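What follows draws every value from the coordinates through simple rules; no lab data is involved. The structure displayed is predicted, hence computed values, not measured ones. Glycine also receives a Cβ, built like all others from the backbone with ideal geometry; neighbour counts cover every protein chain displayed.
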Amino acid sequence: MNIAVISYSYTGNNEALAGSVAKELSAEHIQISEPKTRTMGSIALDMMFSRTPQVQPAPKTLGNYDLILFFGPVWMGHVAAPLRAYLKYLKSHPQRYGFLSISGGADGTNPKLGGELRKRAGAAPAVLIDLHIADLLPNSPKTARKDTSAYRLTDGDINQLTHTMMKTIEDVI
């Protein structure tokens, strides 16, 4: 099966996880970058105004894959802005895809994520995994955003999360 792993990561957590899963699947790993440096302010503005930034490589460079697995954070309950261009491309060039994420989660789950993916890509993902850093941290005291945003996955976390994700991915390939 021809699989692409496409990732965007602000903190490096999704990048590390995407690289590990790509290795397990012997898949091509494509890393998304932006020409401008991303800031917390630009994240907030992109989310508030539903902006889609310019990214490299351009979405039109996507080949024909049997499955595309997108890895990226969820910001303010929504797909990270740099992934939006790729999802929009899928809407007019349908391909089977999945969305996998490790993000803060201090505010809880992202119940509207599946609906947003369907709307942006034109189809539901074959696999949707929305994991939270808050679940890796002790519950006492209550986990706050400052805790989750500062957390960097350890090698042990990456191995554990890769194993968890692979169980679900193997069901769809």
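Close amide-amide hydrogen proximity is noted between Glu28 and Ile3, Val5, each under 5 Å apart and 5 or more residues distant or on a separate chain (H modeled in the peptide plane; Pro and chain starts excluded). Taking the charge dipole of the stretch 3-172 about its Cα centre, with +1 at Lys and Arg Cβ atoms and -1 at Asp and Glu Cβ atoms, the residue from Gln56, Ile169, Ser7 reaching farthest to the positive side is Gln56. Multiplying each eigenvalue of the alpha-carbon gyration tensor of the stretch 69-173 by 5 and taking the square root yields semi-axes of 26, 16, 11 Å, largest first, rounded to whole angstroms. Here Lys167 is the anchor, and the lysines within straight C-alpha reach of less than 22 Å, apart from those fewer than 8 places off in the same chain, are Lys23. Put in order of Cβ neighbour count within 10 Å, fewest first, the listed residues Ile158, Ile6 become Ile158, Ile6. Peptides 134-146, 14-26, ordered by how many other C-beta atoms sit within 10 Å of their residues on average, highest first, read 14-26, 134-146.
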